[in-house]
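Trainee: I have a structure I would like to understand better, so I am pasting it below and will then ask my questions one at a time.
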Amino acid sequence: MRAVALLRTLLASLLLMAAPAFAGTVLVWGDSLSAGYGLRPTEAWPALLDKRLHESKPPHKVVNASISGETTAGGRSRLPAALQTHRPSVVVIELGANDGLRGLPIPAMNANLQAMIDASRQAGARVLLVGMQMPPNYGPDYTARFARTYQDLARTNKVRLVPFMMAGFADKPDHFQQDGIHPTAEAQPKILDTIWRELKPLLR
């Protein structure tokens with residue numbers, strides 16, 4: 001029995017030695033645009049990010065907790081538990097698109113995003129805010145105030161900002177699925193490159 005126990009202890013030690021020493025965890029907190037709606041699990045930009053970060057030295061781990069259809073209110077309510085479970089070093093907040101598409105009040109969206117920034121920082125994580133833009137049919141006033149919300153939050157809180165995750169291809173229909181909303185697999189590397197420019201400085 002003692003020999004068996006010793007063998008189990010030795011095996012556990014070897015497994016711990018073989019496990020990669022992650023420099024930190026990146027928590028992706030988004031909606032269908034990050035959950036990979038209509039894509040294979042390996043095609044969405046967070047999966048591509050995970051692959052890139054596993055190749056870094058030391059590697060980082062990505063936890064993609066994005067949910068299709070998520071609003072800022074839903075993200076705000078779920079975030080405390082996720083922060084406690086995953087203890088991320090960086091939180092990428094990509095929420096607000098569904099608030100905009102539903103025409104929800106911008107002050108409420110602003111308050112929810114602010115609460116998520118505060119909760120992430122209180123948990124010791126750095127924050128990357130990923131912005132979105134509304135199509136022009138929502139009216140110039142609403143679309144301008146929507147986009148400005150992300151800019152104001154980033155400036156007030158001194159957090160890094162990706163102004164628009166679809167920058168560079170938003171006007172290219174062939175980069176979107178049939179619904180005209182969700183980017184194709186071919187567009188995911190472009191999203192990653194856009195986000196990477198602001199995310200990389202936070203990976204220290």
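Trainee: Given (1) within 17 Å of Met165 (Cβ to Cβ); (2) surrounded by fewer than 19 Cβ atoms within 10 Å (Cβ to Cβ); (3) touching a residue at least 60 places away in the same chain (Cβ under 8 Å), identify the lone condition not met by Ser68.
Mentor: (3)
Trainee: A further question on this structure: Please determine, by comparing only the residues of the range 159-180 that are within 18 Å of the chain's Cα centre (by Cα) and open to solvent by 60 Å² or more (accessible area, probe 1.4 Å), which one is farthest from Arg40 (Cα to Cα).
Mentor: Among those residues, the one meeting the criterion is Arg160.
Trainee: Yes or no: the range 25-37 includes at least one residue that is within 18 Å of Ala147 (Cα to Cα), open to solvent by less than 20 Å² (accessible area, probe 1.4 Å), touching a residue at least 24 places away in the same chain (Cβ under 8 Å) and outside any helix (DSSP H, G or I).
Mentor: yes
Trainee: Which condition breaks for Arg197 when tested against (1) farther than 17 Å from Gly36 by Cα; (2) open to solvent by 60 Å² or more (accessible area, probe 1.4 Å); (3) touching a Pro at 6+ places or on another chain (Cβ under 9 Å)?
Mentor: (3)
Trainee: If you don't mind, another one. Counting just the residues of the range 181-194 that are touching a strand residue (DSSP E or B) at 6+ places or on another chain (Cβ under 7 Å) and assigned to a helix (DSSP H, G or I), which one comes out most open to solvent (accessible area, probe 1.4 Å)?
Mentor: Looking at the filtered set, the residue picked out is Thr194.
Trainee: I've got another one for you. Has the range 23-40 got at least one residue that is farther than 27 Å from Gly124 by Cα, at pLDDT below 95 and of a type outside the set (S, T, N, Q)?
Mentor: No, every residue in the range 23-40 fails to be farther than 27 Å from Gly124 by Cα, at pLDDT below 95 and of a type outside the set (S, T, N, Q).
Trainee: With the requirement that a residue be of a type in the set (Lys, Arg) and surrounded by 13 or more Cβ atoms within 10 Å (Cβ to Cβ), what does the range 144-158 give you?
Mentor: Scanning the range 144-158 gives Arg145, Arg148.
Trainee: Continuing with the same structure: Kindly evaluate Arg204 against the criterion of being free of Cβ contacts under 8 Å to residues at least 40 places away in the same chain and not in a loop (DSSP other than H, G, I, E, B).
Mentor: So Arg204 fails the test.
The values are calculated or read from the model by the stated rules, or taken from the named source; none is laboratory data. Quantities reported herein were computed from a predicted structural model and do not represent experimental measurements. With ideal geometry, Cβ positions are generated from the backbone for all residues, glycine too; neighbour counts draw on all protein chains shown. Accessible surface is based on the protein model in full, side chains and every heavy atom, while ligands, DNA and RNA are left aside. Shrake-Rupley method; radii C 1.70, N 1.55, O 1.52, S 1.80 Å.
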